[in-house]
Amino acid sequence: MMERYRRANEVLHPTRSAMERAITGERPRRKKKPLKALIPAGVAGVAGVAGVAAIALLVTGIPGLSSGSGPLGGSAYAIALPEYPDLPQYPTEPLGGDEAAWERFNQDFDLYWNAWRDYQEEVPALRDTPALMEALEDFTEQSTTLALAGEDNRVYSPISLWFALAMLAETTGGDTRQQVLDVLGASDTEQLREWADILWHALYLDDGTATSLLGTSIWLNEDIGFHQDTLNILAQHYYTGSYQVPMGTDKADNALSAWVSEQTKGLIGSDGKVLETNTDTLAVLASTLYYQAGWRNEFHPSNTKEDIFTAADGTETRVDFMHMTQDATFLRQDGYQAASLSTTFGQMIFVLPDEGISPAGLLADPEFLEEAADFEDGIYGEVQWSVPKFDVSSDLDLKTTLEGLGITDVFHPEVSDFSPLTDLEPVWLDQAKQIARVKVNEEGVEAAAVTLLADSGASAPPEDPKVCIMDLDRPFLFLIQAEGVTLFVGVVEQV
């Protein structure tokens, strides 16, 4: 396993990135203080045609340890920084027909392809790791049903939460860790690290045609003791940067928000704090996912027309609908029909429930997500698309989702075990949230989600069976996938 991190005991140089400038300051003190762990898992930002962003935050707390002396002094500095892969770039195709230019392009393309092949072959391919694929499918199906329960627009990123929980497993021990491992389907942390590496290689892409970037960090209270070996493991296997900050200050909050903004290209964290820490905050674990891709076949703007979208409560809203007809494979199942639009990295599947069927009713079926994404035995025919341009967001409380999955000990200070991270106790998880946003237009899909885990002390079928009318003029669902992995699942009740 190649080394992917470097120790960084020095203060970060103030002229580097905005995030690094925000956390520049003198070396912090090492005293035992109250903790709170906050983990943004899976932030995906938007820059370009299409994007997806997610952040998960885990916060742990210890009762009765606040000094009561007001904001902490000092500032932030880096303890360990990950070394991200230097990804090959797709060469620019010649605009003209010059033979020499195309020869150079072919040579550059060979170099690009070989570099990508070498990078991918560093670990087993995701498609050749059936245990991981099965575990991801189970986690996605079980967690999505719980996370998207409710009303109104809802968006959830299972891969964001997965990486947050993977880091949580590394920072917990005993039965607390085992419950997390059981939910993720991993036998132990060694297997979890292998899986994280495989997922990273499968999803990490930035070649000029599409972007899918993962990033993780942990933010530690400068006044508490922590275990460096755990931070090294996070850096080595999850590309996690470690930073110490004066929790409970604007400097700490702004440093975290600046990091999030940098990772998500400004989609999240650029217009305010993603979290307000206090002196009892132990750590913030942040995992980001940035996804950018356009439609393989774009909707032509001249075909966009205003029409009516009818919400679940019967409210009618006039919105712009994009239109396109294509030959493709679609599904017509009991209670819904589904079709997908290919992107430059993956696909976006739209599911239209039959009249009288709600999205929640479909999600209640544990087999629904797998069935809706399986087009192998679908119908090949004509798909007539009518898709509203939408910009939806949601704020999900995932605490009950984690408890429903079987992660319970971490929420109870009398049994939770955070000994791999710190000797302080008790420490427990208090909050789990995910904030998400998805935008769709003629060029592609743009989406973002922030997950916060915080601690403290059909319409009738057409006559032609090979014609699918995907008129999304009433509540519908969508899935965003890449490399067979579900990145986001959403319910659009109103636009």
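The values are calculated or read from the model by the stated rules, or taken from the named source; none is laboratory data. The model shown is predicted, which means the values in this text are computed figures rather than measured ones. When we count neighbours, we look across all protein chains shown, and the Cβ atoms used for this are built from the backbone with ideal geometry, even at glycine.
Taking ALA164 as the residue in question, decide whether it is part of a helix (DSSP H, G or I) and small (Gly, Ala, Ser). Before you say what the answer is, go through the steps one by one.
Working: part of a helix (DSSP H, G or I): yes; small (Gly, Ala, Ser): yes.
Judged against the criteria, ALA164 is a match.
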Enumeration of residues in the stretch 323-343 that are farther than 21 Å from ILE480 by Cβ and exposed (fewer than 15 other Cβ atoms within 10 Å of the Cβ) = THR325, ASP327, ASP334
Within the stretch 277-295, restricting to residues that are assigned to a strand (DSSP E or B) and more than 17 Å from the chain's Cα centre (by Cα), the one that is surrounded by the most Cβ atoms within 10 Å (Cβ to Cβ) is ALA283
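Yes/no per residue for (1) modelled with pLDDT under 80; (2) crowded, with 22+ Cβ neighbours inside 10 Å; (3) in contact with a helix residue (DSSP H, G or I) (Cβ under 9 Å, 6 or more places away or on another chain); (4) among the hydrophobic types (A, V, I, L, M, F, W, C):
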{"position": "LEU234", "(1), (2), (3), (4)": "no, yes, yes, yes"}
{"position": "GLN244", "(1), (2), (3), (4)": "no, yes, no, no"}
{"position": "ASP250", "(1), (2), (3), (4)": "no, no, no, no"}
{"position": "GLU262", "(1), (2), (3), (4)": "no, no, yes, no"}
{"position": "LEU275", "(1), (2), (3), (4)": "no, yes, yes, yes"}
{"position": "SER302", "(1), (2), (3), (4)": "no, no, no, no"}
{"position": "LYS305", "(1), (2), (3), (4)": "no, no, no, no"}
Could you say whether any residue in the stretch 140-155 is closer than 19 Å to LEU214 by Cβ and modelled with pLDDT of 90 or more?
-> yes
Somewhere in the stretch 160-178, is a residue modelled with pLDDT under 90 and exposed (fewer than 12 other Cβ atoms within 10 Å of the Cβ)?
-> no
ASP207 being under 24 Å from GLN292 (Cα atoms), acidic (Asp, Glu) and crowded, with 19+ Cβ neighbours inside 10 Å | no
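Just to be sure I understand, how many residues within the stretch 193-219 are assigned to a strand (DSSP E or B) and among the hydroxyl-bearing types (Ser, Thr, Tyr)?
Within the stretch 193-219, the first condition is being assigned to a strand (DSSP E or B), and the residues that meet it are 205-206, 211-219.
Then keep just the ones that are among the hydroxyl-bearing types (Ser, Thr, Tyr); that gives 211-212, 216-217.
The qualifying residues number 4.
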Could you give every pair whose Cβ atoms fall below 7 Å, whose first residue belongs to the stretch 64-91 and is closer than 20 Å to TYR119 by Cβ, and whose second residue is aliphatic (A, V, I, L, M) and at pLDDT 80 or above, counting only separations of at least 6 or pairs across chains?
-> PRO82/ALA235; PRO88/ALA115
